[in-house]
Amino acid sequence: ALTGNPIRKEIIAPLRDGAHELLKLEEGIPVLLVLGGSQGAQIINEAILEIAPVLIQKYQIIHQVGQNNLEEMRNTARVLMEGIEHKDRYKIFGYLDDRLLKAAAGVADLVISRAGSTIFEIAIWGIPSIIIPITDSNKNHQRKNAFSYARTGACEVIEESNLTPNLLASEIERLMGNKEKREKMSKAALAFGTTDAAEKIAREVINILIEHQT
């Protein structure tokens, strides 16, 4: 049965009204949302941090770095951003709870993420994305997820072996500079996403139980 992936109902609908105020963002400045999973993603964290001083001249960044990485990332960012204009546009979070995640989804123009279950959340939000799968994940599932999603036209994939700060910055600029491309990616993401996967799975389980009743 093709069911899709269950999504927490608390985060299905992005929060738009009041999202800028909640996240302390400027109106009218594009937003990049960087998600590294609950533990953060060191290679993504380091790449974003290196290019953040340049990115914030044009964009705002919501960067979920993982709770264990928060203090180190904040300290490093403080040094890198010293004396740089618009440094307040770089927002670091250890963890995004449901309310903050909904708000981030409501304002993000582009997501940079791993290729785990977050892909399915990005899809239902209809946000264009750059996906960076973990190398050698269990049964290579992240790479399979990433390229399966990319085939729909909803995302671009950068493999870890190819990831450099300059390449990531270039991909961000390429996509952010092409509104028509991002609109097509958004439509493809929404077409890929499903919001009733949990119901489908429950229905299949019940059908199996009924079939095997003695």
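The values are calculated or read from the model by the stated rules, or taken from the named source; none is laboratory data. Predicted, not measured: the structure shown is a model, and the values here were computed from it. Glycine gets a Cβ as well: all are built from the backbone with ideal geometry, and neighbour counts include every protein chain shown. The protein model used for the area step is the full one, side chains on, heavy atoms only, and it has no ligands, DNA or RNA in it. Shrake-Rupley method; radii C 1.70, N 1.55, O 1.52, S 1.80 Å.
A compact table of results
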{"item": "Rg over Rh, two decimals, the chain (C-alpha only, Kirkwood Rh)", "result": "1.01"}
{"item": "Integer Hz, Karplus 6.51/-1.76/1.60 couplings in order for segment 60-73, x for Gly and Pro", "result": "9, 10, 9, 10, 8, 9, x, 4, 5, 9, 4, 5, 4, 5"}
{"item": "Karplus-derived 3J(HN,Hα), 6.51/-1.76/1.60, for each residue of segment 51-56, Hz, glycine and proline x", "result": "9, 4, x, 7, 4, 5"}
{"item": "Label-to-label distance, nm, for residues given as A150 and A13 (7 Å Cα→Cβ offset)", "result": "3.5"}
{"item": "Pairs from K9/K179; K87/K139; K87/K144; K24/K139; K9/K87; K58/K187 whose Cα-Cα separation, in the structure shown, is over 32 Å", "result": "K87/K139; K87/K144; K24/K139; K9/K87"}
{"item": "Nonlocal amide H pairs with V157, under 5 Å, H built at 1.01 Å", "result": "I131"}
{"item": "Scaled radius of gyration (Cα, divided by 2.2 N^0.38 Å) that segment 57-107 gives", "result": "1.20"}
{"item": "C-alpha long axis of helix 141-150 to longest principal axis of the chain, angle in °", "result": "80"}
{"item": "Estimated FRET transfer efficiency (A191, E46; beta-carbon r; R0 25 Å; 0.05)", "result": "0.15"}
{"item": "Segment D97-S117, extension gain: residue separation times 0.36 nm, minus the distance between their alpha carbons", "result": "5.6 nm"}
{"item": "Mean ellipticity per residue at 222 nm, deg cm²/dmol - from DSSP H runs of n ≥ 4 across the chain, formula -39500 (n - 2.57)", "result": "-14000 deg cm²/dmol"}
{"item": "Residues of type aspartates and glutamates that K102 reaches as a straight line, Cα spacing below 14 Å, ignoring anything fewer than 8 places off in the same chain", "result": "E10, D17, E21, E121"}
{"item": "Placed amide H near S137: partners under 5 Å, 5+ positions off or other chain", "result": "Q142, R143"}
{"item": "Surface accessible to a 1.4 Å probe, K144 within the full protein complex, Å²", "result": "130"}
{"item": "Shape category assigned to segment 12-88 from the gyration tensor of Cα positions, a/c cut at 1.5", "result": "oblate"}
{"item": "Computed lengthening from N178 to N75, 0.36 nm per intervening residue step minus Cα-Cα distance", "result": "33.7 nm"}
{"item": "Residues with amide H under 5 Å from that of F93, placed H, sequence gap 5 or more", "result": "H63, Q64, V65"}
